[in-house]
Amino acid sequence: MSSKIQSEILKSAGFDAARFRADFPALHQQVHGHPLVYLDNAATTQKPLSVIEATDKYYREDNANIHRGLHLLSERATKDYEATRVKAQAFLNAASHQEIILTKGTTDGINLVAQTFGRKNVGAGDEIILSALEHHSNIVPWQMLAEEKGASIKVSPIDDSGEFLLEEYKKLFSPKTKLVAITQVSNALGTITPIEEIIKIAHEHEVPVLVDGAQAAPHITVDVQKLDCDFYVFSAHKVYGPTGVGVLYGKLKHLTAMPPYQGGGDMISTVTFEKTTYQKPPYKFEAGTPNIAGVIAFSAALDYVTAIGLNAIAAHEHELLVYATQKLSQVPGLRLIGTAKKKAGVLSFTLGDIHPNDIGTVLDREGVAIRAGHHCAQPVMERFQIPATARASFGLYNTKEEIDVLDKAVRHVLEVFG
Ligand SMILES: Cc1ncc(COP(=O)(O)O)c(C=O)c1O
């Protein structure tokens, strides 16, 4: 069935999460004697059968290296691999497939930009603007660059609800600002940042912007041309695709000017011991044999979410968020961390003085999978003066009944530690 037809059917039928659940084999299991309630989607999403089957098919039928062999298997693998690039281009509405670099994930994409664009354009005394919401992946690569170059990091603050403060952000620019790198959705709090304004303001200062879309791409329709961002990164495994695969979008003018990232096979045009010439983007940035099976299976994930439609997914997850917020707010001693007006389906909380790890352990015994910890966002925890939170995060297959189970399990934590 074509994506368009499937999407039309879904629109007329309303959003039926229960129906989608049938597509995800891992959801149908018992955990400690209870049906699994998987609410750790911000960490990684489960995979639909189509993704699992695409991986299987590649290894069974098409296993070959890409861009090299003249034989049929290699042709097929190359065709399918490149088809993912075109699908990712459409998913982000990028102007050209040349602007899509297939990476290992968000972390890999950010490191690539830091080590190429960053090393070329950031010098001693220069400044990079981040926000207080960032995941470690969007902090540490810039710190490493800043240390190497003698540059510095400026941090745009958030308020007590986890809201990005645009007025404070504006004050951070100086003639030394060389890059802004900010998330579109916070993984720890769920805050949706005003990314359009963030980009517009940076561009008024002629400063390029990298958007960390790891938590946005699974929930929000992204149009990189409309956003006018310079770089956009996300991971396949959070969009119902395989681990170890991701996308880096970059404006062609930047990718053309940037030096390569890693050297090796596939990224070169000619090699002699005297001099090597490089391929054009995106291949210049894709050295070595990649995760071919993963990239090919990622196509199936993009088809899957596109068929349902990100707007429909976002509306469903918003409904779950509102329902869960209202329910959990009534649990005695529960404190929601992150109450921004615009949020994606992430609910971070603490419960009295019970350690979030203990919350996670008790919930696991009830079959409820959440994440507990600092969520690779220690500066966010520091901002709220807590070591960690418990975090439930929603995906397209979650239901209100599962939130009822979560609510009951959280109340059980109180009984256990009461
Ligand atoms: C906002 C954000 N950025 C970056 C990352 C890193 O993604 P990956 O580990 O897939 O590279 C994550 C992962 O949780 C994230 O939530």
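Residues in the stretch 353-381 that are more than 16 Å from the ligand (Cβ to nearest atom) and in contact with a Pro (Cβ under 9 Å, 6 or more places away or on another chain): 3 in all. Residues in the stretch 122-145 that are part of a helix (DSSP H, G or I) and either within 16 Å of the ligand (Cβ to nearest atom) or more than 18 Å from Asn111 (Cβ to Cβ) (or both): His136, Ser137, Asn138, Val140, Pro141, Trp142, Gln143, Met144. Being part of a helix (DSSP H, G or I) and under 30 Å from Thr325 (Cβ atoms) is a condition met by at least one residue of the stretch 169-190. Among the residues of the stretch 372-418, those identified as part of a strand (DSSP E or B) and either crowded, with 22+ Cβ neighbours inside 10 Å or over 23 Å from the mean Cα position of the chain (by Cα) (or both) are Thr389, Ala390, Arg391, Ala392, Ser393. Of the set (1) surrounded by fewer than 17 Cβ atoms within 10 Å (Cβ to Cβ); (2) touching a residue at least 24 places away in the same chain (Cβ under 8 Å); (3) not acidic (Asp, Glu), all apply to Leu70 but (2).
Among the residues of the stretch 216-225, is there at least one that is over 19 Å from the mean Cα position of the chain (by Cα) and acidic (Asp, Glu)? Looking for residues that are over 19 Å from the mean Cα position of the chain (by Cα) and acidic (Asp, Glu), one finds none in the stretch 216-225, hence no. Among residues belonging to the stretch 91-121 that are surrounded by fewer than 20 Cβ atoms within 10 Å (Cβ to Cβ), in a helix (DSSP H, G or I) and polar (S, T, N, Q), point out the one that is nearest to the ligand (Cβ to nearest atom). Only one residue fits best here, namely Gln115. Of the helices (runs of 4 or more DSSP H) contained entirely in the stretch 207-316, those carrying at least 2 residues that are of a type in the set (A, V, I, L, M, F, W, C) and surrounded by 18 or more Cβ atoms within 10 Å (Cβ to Cβ) fall at 224-227, 292-308. If you go through the stretch 375-385 one residue at a time, do you hit one that is within 28 Å of Gln30 (Cα to Cα) and modelled with pLDDT of 95 or more? No, the stretch 375-385 has no match at all. Sort out which residues of the stretch 153-187 are of a type in the set (Gly, Ala, Ser) and on the phi < 0 side of the Ramachandran plot, and write them in order of number. Once the filter is applied, which keeps residues that are of a type in the set (Gly, Ala, Ser) and on the phi < 0 side of the Ramachandran plot, the stretch 153-187 yields Ser156, Ser161, Ser174, Ala181, Ser186. Name the residue, out of Ala26, Ala88, Ala43, that is surrounded by fewer than 20 Cβ atoms within 10 Å (Cβ to Cβ), within 16 Å of the ligand (Cβ to nearest atom) and not hydroxyl-bearing (Ser, Thr, Tyr). That would be Ala43, the only listed residue that is surrounded by fewer than 20 Cβ atoms within 10 Å (Cβ to Cβ), within 16 Å of the ligand (Cβ to nearest atom) and not hydroxyl-bearing (Ser, Thr, Tyr). Of the listed requirements (1) closer than 30 Å to Ala124 by Cβ; (2) out of contact with any Phe, Trp or Tyr (no Cβ under 7 Å at 6 or more places or on another chain); (3) more than 10 Å from the ligand (Cβ to nearest atom), Ile220 misses just one: (1).
What about Ala188, is it under 12 Å from the mean Cα position of the chain (by Cα) and within 20 Å of Ala314 (Cβ to Cβ)? Criteria not met by Ala188.
The values are calculated or read from the model by the stated rules, or taken from the named source; none is laboratory data. The shown structure was predicted, so the numbers you read here are calculated from the model rather than taken from an experiment. Glycine also receives a Cβ, built like all others from the backbone with ideal geometry; neighbour counts cover every protein chain displayed.
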